[in-house]
Each structure stands twice: as C-alpha cells, then as structure tokens.
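Student: This is the structure I have questions about; it appears just below.
The values are calculated or read from the model by the stated rules, or taken from the named source; none is laboratory data. It should be emphasised that the depicted structure is a prediction, and the values quoted were computed from it without experimental measurement. Don't worry about glycine lacking a Cβ; one is built from the backbone with ideal geometry, like all the others, and counts go over all protein chains shown. Calculation scope for accessible area: heavy atoms of the full protein, side chains included, ligands and nucleic acids excluded. Shrake-Rupley method; radii C 1.70, N 1.55, O 1.52, S 1.80 Å.
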Amino acid sequence: MKITKVTSHILQHDLGEELGYSQQWYAKRTAHLVEVETDEGITGWGECFGPGNVALANKTIVEQVIQPMILGHSPLDRELLWNKAYNLMRDHGQKGMPIQALSGIDIALWDIAGKVAGLPLYDLIGGKCRERLNVYGYGMMLRKVADLAGAFEEEAARIKDAGFRATKMKVGLGPREDVKLVEAVRRGVGDGFRFMVDANHCYTTNDAFYVGRALEELDVYWFEEPVAPEDHAGYRELRAGLKVNISGGEAEFTRWGWRPLLENRCVDIAQPEVCGLGGISEYMKVLALCHAHFTPVINHVWGSAVAVATNMHLITAMPDLPGGLFQAQPMLEFDTTLNKFRDEMLAEPLNIQGQVAKNKGTVALPSGPGLGIEIDRGFLEAYKIA
Ligand code: CA
C-alpha cells in the first residue's frame, strides 16, 4: 500500500457573536482536516490544531513541505515517516506550525492503520482501560456584553444542568475583574460542583498568585495556563506556592518540549494537544513521559469531530495513574459553544451533548475501525474555504 495524495481541507463558519479568551476576540470557527489517500482506496483523516490564518499557513506545510516527503511510502510506516518529516523540518522549527502540520498527517496514518487492521484506534494503541468516558463542558468565553459576570453565572448553571461532570471558564480581564468572574461562576454552579479556570497564559507570576489564592478560596479544581508556556520558573513557583492544581501544556510540542516541562515539575495536571504536539505517535511518547513523572493527563481537546473522536480513543486507552479502587478518571474536554464542524460534519454525529444529558455526564466509547468516523463530503464542500 502506498500514499498517493495528502490534502488539507480548511473549513470555516461564522459564530454570530464575537467570543474571546485572554489573547484575542474571534468571530469565526475554523477547522483544518487532513485527508491521506492510498492506492488501495483506504483513506485516513486527521486534524491540525491552529485556527484562522494559522490553518491556511499549515495547509501549505502539509501539502507542499511534508507531502513530498511521504508520497509513495507505505502509510503503515508511521514512525519512519514521522521521523523523516521531523528530521527534515528540524532546522526550520522544532515547535509550532511544522509540528501542528505533522500532527494532522500522523493522525490520518493511524486512521488508515486501524482501517487496515479492522480495529478501533484504542485497540491498536493498547486496548480499553475504561468502559465510559466522563465529559466536562467548557464555556464562559469572554463576550462583549454589559454584565459579563451575570452572563457567566447563567451560562455556568446551564452547563451544569446539561449534565456535564464539570465545567471550565475563561478569564483575562485583569486579576481583580477575573476574580469577580470566578465568583459569579461559583454562584452559578453552587457549592461542590467541579469547575476549572483557564487563563490562556495572560498573567505575570505575581498576578497569578493573586488570582490563584482566590481560586483556592472558591474551591476551583485547576488553574490552567496561568503564565506563559516558556516560563517554567513561574509555573514551578506557582505549583509550589498554591494549593489549587496547576495545569498546562497545550502549547507544548513533542517529547523534547514536554521533557523539561515535566522535569521542572511545572504542572499538577498535563494537558497534551494531540492535534498540535505531533499526532498520535508523539502523544503516546508524551503520555509515557507524563506517567514516568507521575503526572496525570487530561487531554486538551479543541476542534472538529475528528479531534474529538481521536481524543475519545486516546482517553479510552489511557491507563490509570497511579491506580486504585477509587482512581480519579480522566475527562473528555468538550467546548459547549457553537461548532458545526464537531456537531454536523459526520455522517453519523458523535452526539456528545445528547449522550451527556442521558447518561450522567458520560459518553460511550467510539466504535468502528480507525477513528470510527465517516466525513459527510457534502458538508465538507459547503464550508470549505481552502
Ligand atoms: Ca486552555
């Protein structure tokens, strides 16, 4: 079997309202899907992390830089191809967009491997470690409304009522305003319900300490990306000085990027992004590295149904750490804001929201060979911008 073609599909739709996180506002949803075709009619799908114009640039890397390196090779030679592409791109970027581009291709190669074997991805990478997956629903994006705290309070209550196991909010207005938003979310969900706070690295270490102490008072479960991903010393000080769990890692790449993050004891909870850090081949190495440092993993999930399905397999196959009768379980991250590429792109939708509502915040395992998904080609063409 040989790889005959690699295609990036960039999809986009309007959100109808500007949403924000601490770094920027956005009004469009983008998805970057990668399709790998073979001479035996089997096609694999993957996804690259990176919204908006980043996706357009990554398409060029997928099709014009990496595609020529892998055409004509067996799609089953995943390690060979990953290392060939990485080695040839190393001088031009060991993190960031080249690795995001490689991620989508690697995921598609695993989808092909599963289809060839007739096995779901989770069986290829180690088998089932659980029968159902817990889901947390994130929302509370920044919005341009008069009473943001009031809006957050209502939205948090809505996500809890939808059945999710936990929720997550954004901050980013500045430390003092942010604490008011967190208080509003606690009012919305009531005492005892688990929620998390995501700063998208907008604070200095000192500001993060101010916010982090308030999060402890409000019984927040984790404090995500409090400081810049490069600031390992800041992470380390926060982790040593705060009781709230410090989480991060979605902006880190490959085993070589993750190694110092873990060795410097930066995070209580690791959040690898499979569509960015190098794909499934590299995710498995990063997972092993996290577990070697006794750091639990709760995957970062963002994007279309391809990314969600990929993560459902990875979480299915993730071993318990450290193990025990009442072992804390990983959760599937689920964005509750409008995303047609997640909800409407598959011939048979994943229906995460419907399952969560009916089954106490859990979803069934994916089924079918590879990622177990079938893309609706008509839908793809309707939203394709490049
Ligand atoms: Ca995040």
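Student: For every other residue with a beta carbon closer than 15 angstrom to the beta carbon of residue 72, add +1 if it is Lys or Arg and -1 if Asp or Glu, then tell me the sum. Please report the intermediate quantities before stating the final value.
Tutor: Working: positive: 2, 5, 84; negative: 37, 39, 40, 77.
Value of the local net charge: -1.
Student: Using a Förster radius of 35 Å, what is the FRET efficiency between residue 71 and residue 367 based on their Cβ-Cβ separation? Nearest 0.05, please.
Tutor: Working: r = 32 Å, r/R0 = 0.90.
Efficiency computed from Cβ-Cβ geometry: 0.65.
Student: Ok, one more. Could you work out how far apart the two model spin labels at residue 2 and residue 285 are, taking each label as a point 7 Å from the Cα in the direction of the beta carbon, and quote it in nm?
Tutor: 2.8 nm
Student: Could you compute how much accessible surface residue 129 exposes when probed at 1.4 Å, giving the result in Å² to the nearest 10?
Tutor: Solvent-accessible area, nearest 10 Å²: 60 Å².
Student: Which semi-axis lengths, in whole Å and largest first, follow from the square roots of five times the eigenvalues of the Cα gyration tensor of region 303-353?
Tutor: Numbers: eigenvalues 143, 24, 13 Å².
Semi-axis lengths for region 303-353 are 27, 11, 8 Å.
Student: Please list 74, 304 in order of solvent-accessible area, largest first, computed with a 1.4 Å probe with all protein chains present.
Tutor: Details: 74 30, 304 0 Å².
Sorted by accessible area, descending: 74, 304.
Student: Express the accessible area of the chain per residue in Å², computed with a 1.4 Å probe while the remaining protein chains stay in the model. Walk me through the numbers on the way to the answer.
Tutor: On the way: 15180 Å² over 386 residues.
I get 39 Å² per residue for the chain.
Student: Here's another thing I want to ask about it. Considering only the other residues whose Cβ falls under 12 Å of the Cβ of residue 197, what net charge follows from Lys and Arg at +1 and Asp and Glu at -1? List each step's numbers first, then the result.
Tutor: Numbers: positive: 168, 170, 186, 194; negative: 178, 183, 198, 216, 219, 224, 225.
Summing Lys/Arg as +1 and Asp/Glu as -1 gives -3.
Student: Leaving ligands, DNA and RNA out of it, report the carbon-plus-sulfur percent of the accessible area of region 3-118 at a 1.4 Å probe.
Tutor: Working: 2290 of 4510 Å².
The value for region 3-118 is 51 percent carbon and sulfur by accessible area.
Student: Counting only the heavy atoms of the protein chains, how much of residue 91 is accessible to a 1.4 Å probe, in Å² to the nearest 10?
Tutor: Approximately 130 Å² for this residue.
Student: Okay, next question. Have a look at the DSSP beta bridges in region 122-364 and tell me what percent are antiparallel, nearest 5.
Tutor: On the way: 3 of 22 bridges.
Within region 122-364, antiparallel bridges account for around 15 percent of the total.
Student: Can you list the lysines whose alpha carbon sits under 17 Å from that of residue 340, skipping same-chain ones fewer than 8 residues off?
Tutor: Once the sequence-local lysines are set aside, what remains near residue 340 is 28, 384.
Student: Count the net charge of all other residues whose Cβ sits under 12 Å from the Cβ of residue 299, scoring Lys and Arg as +1 and Asp and Glu as -1.
Tutor: On the way: positive: none; negative: 250, 273, 333.
Summing Lys and Arg as +1 and Asp and Glu as -1 gives -3.
Student: When only C-alpha pairs under 8 Å and at least 6 residues apart count, what is the relative contact order of region 122-364, in percent? Spell out each step's value before the answer.
Tutor: Numbers: 451 pairs, mean separation 56.8, N = 243.
Answer for region 122-364 is 23 percent.
Student: Further question on the same structure: If you take the beta carbon distance between residue 39 and residue 154 as r and set R0 to 45 Å, what does 1/(1 + (r/R0)^6) give as a FRET efficiency, to the nearest 0.05? Present the calculation step by step, with values, prior to reporting the outcome.
Tutor: On the way: r = 54 Å, r/R0 = 1.20.
After rounding, the FRET efficiency stands at 0.25.
Student: Another question, if that's okay. Pull out the extension gain between residue 24 and residue 177, defined as 0.36 nm times the separation in residues minus the alpha carbon to alpha carbon distance; nm, one decimal. Working shown, then result.
Tutor: Numbers: separation 153, 0.36 × 153 = 55.08 nm, distance 1.71 nm.
Computed gain between residue 24 and residue 177 is 53.4 nm.
Student: Which is farthest toward the positive dipole end of region 173-272 among 179, 241, 257, measuring Cα position about the Cα centre, with Cβ charges +1 (Lys, Arg) and -1 (Asp, Glu)?
Tutor: The residue sitting farthest along the positive end of the dipole is 241.
Student: Which sequence of 302, 110 reflects their accessible areas, 1.4 Å probe, from the largest down? Kindly include the intermediate steps, with their values, before the conclusion.
Tutor: Values: 302 50, 110 30 Å².
Ranked from most to least accessible, the order is 302, 110.
Student: May I ask you to evaluate 6.51 cos²θ - 1.76 cosθ + 1.60, the Karplus curve with θ = phi - 60°, for each residue of region 112-120 and list the ³J(HN,Hα) values in order in whole Hz, giving x for glycine and proline?
Tutor: 5, 4, x, 5, 5, 7, x, 10, x
Student: Something else: In what sequence, largest accessible area first, do 38, 336 appear using a 1.4 Å probe?
Tutor: Details: 38 15, 336 50 Å².
Greatest to least solvent exposure: 336, 38.
Student: Would you pull out the residues with amide H under 5 Å of residue 5's amide H, same chain only if 5 or more places away, H placed 1.01 Å from N?
Tutor: Result for residue 5 returns 37.
Student: Extension gain residue 187-residue 132, at 0.36 nm per residue separation less the Cα-Cα distance, in nm?
Tutor: Result for the pair: 16.8 nm of gain on full extension.
Student: For region 123-151 and region 1-33, what is the centre-to-centre distance using only Cα atoms, to the nearest Å?
Tutor: 18 Å
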